[in-house]
1. Can you tell me which residues in the stretch 104-136 are among the β-branched types (V, I, T) and either surrounded by 13 or more Cβ atoms within 10 Å (Cβ to Cβ) or under 21 Å from the mean Cα position of the chain (by Cα) (or both)?
2. For the stretch 102-162, which fully contained helices (runs of 4 or more DSSP H) count at least 1 residues that are touching a residue at least 24 places away in the same chain (Cβ under 8 Å)?
3. Exactly one condition in (1) modelled with pLDDT under 90; (2) under 18 Å from the mean Cα position of the chain (by Cα); (3) open to solvent by less than 40 Å² (accessible area, probe 1.4 Å) is false for D28; which is it?
4. For the stretch 39-48, name all the residues that are part of a helix (DSSP H, G or I) and either of a type in the set (A, V, I, L, M) or closer than 17 Å to R69 by Cα (or both).
5. Determine whether S147 is of a type in the set (S, T, N, Q) and open to solvent by 80 Å² or more (accessible area, probe 1.4 Å).
6. Condition first: among the β-branched types (V, I, T), farther than 18 Å from D6 by Cα and outside any loop (DSSP other than H, G, I, E, B). Now tell me which residues in the stretch 49-72 satisfy that.
Amino acid sequence: MTTTDDIEKLFRTNYKAALIFANRLVHDDEAARDIVHDVFASLLLGDVRFVSPAYLIKGVRYACLKHIRNTSVRERIKMMYAIDLQEIEDEEWPDDEDIAKLNMIIDRLLPVQTQKIVRLRFESKMTYKEIAEEISVSEVSVYKHLSRAMNVLRQNFNKHER
């Protein structure tokens, strides 16, 4: 059975690594700190026979995934891209001009297959599975196309603003 001293030793040797890991998953220092502390608190309260660093990281990963699942999509976008949502809410965004810029980037810089996938996803609101079935590719392929497209859009959208 793991004692309080064992958990304290584990805390001292693994806290920093667990915090860095949690922060990389949730992109929020405060939430990561809370998650890691909650995991250690649950170890103190639980009836765990043996706790290893690998067990600790799995616990932190699970707690981070649970936090992400419970966070709204809007909040996740805000955290990942540091968007001031007040600006977006005050204006109608994206406006017609921004949509035109995005469409221009899609038409000029993305391969035909990727263009089709982007349009199915964002204009037709299809899921990855539906897109995969529609164009006879895997869901992983759909994800990769969309990921590359989003990188191209991010890189080039701001260039057109200058």
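1. Start the filter on the stretch 104-136 by keeping residues that are among the β-branched types (V, I, T), which leaves 105-106, 112, 114, 117-118, 127, 131, 135.
Selection gives I105, I106, T114, I117, V118, T127, I131, I135.
2. Details: elements: 112-122, 128-135, 139-157.
Counting at least 1 such residues, we get 112-122, 139-157.
3. That leaves (3) as the condition not met.
4. Here is the first cut: in the stretch 39-48, the residues part of a helix (DSSP H, G or I) are 39-45.
V39, A41, L43, L44, L45 - these are the residues of the stretch 39-48 that are part of a helix (DSSP H, G or I) and either of a type in the set (A, V, I, L, M) or closer than 17 Å to R69 by Cα (or both).
5. Numbers: of a type in the set (S, T, N, Q): yes; open to solvent by 80 Å² or more (accessible area, probe 1.4 Å): no.
Considered against the rule, which asks whether it is of a type in the set (S, T, N, Q) and open to solvent by 80 Å² or more (accessible area, probe 1.4 Å), S147 comes out as no.
6. First, pick out the residues of the stretch 49-72 that are among the β-branched types (V, I, T): 51, 57, 60, 68, 71.
Next cut, farther than 18 Å from D6 by Cα only: 68, 71.
Selection gives I68 alone.
The values are calculated or read from the model by the stated rules, or taken from the named source; none is laboratory data. Since this is a predicted model, take the numbers as computed values, not measurements. Positions of Cβ are generated from backbone atoms using ideal geometry, with glycine treated the same way; all protein chains shown enter the neighbour counts. Side chains are part of the model used for accessible areas, which takes the heavy atoms of the whole protein and leaves out ligands, DNA and RNA. Shrake-Rupley method; radii C 1.70, N 1.55, O 1.52, S 1.80 Å.
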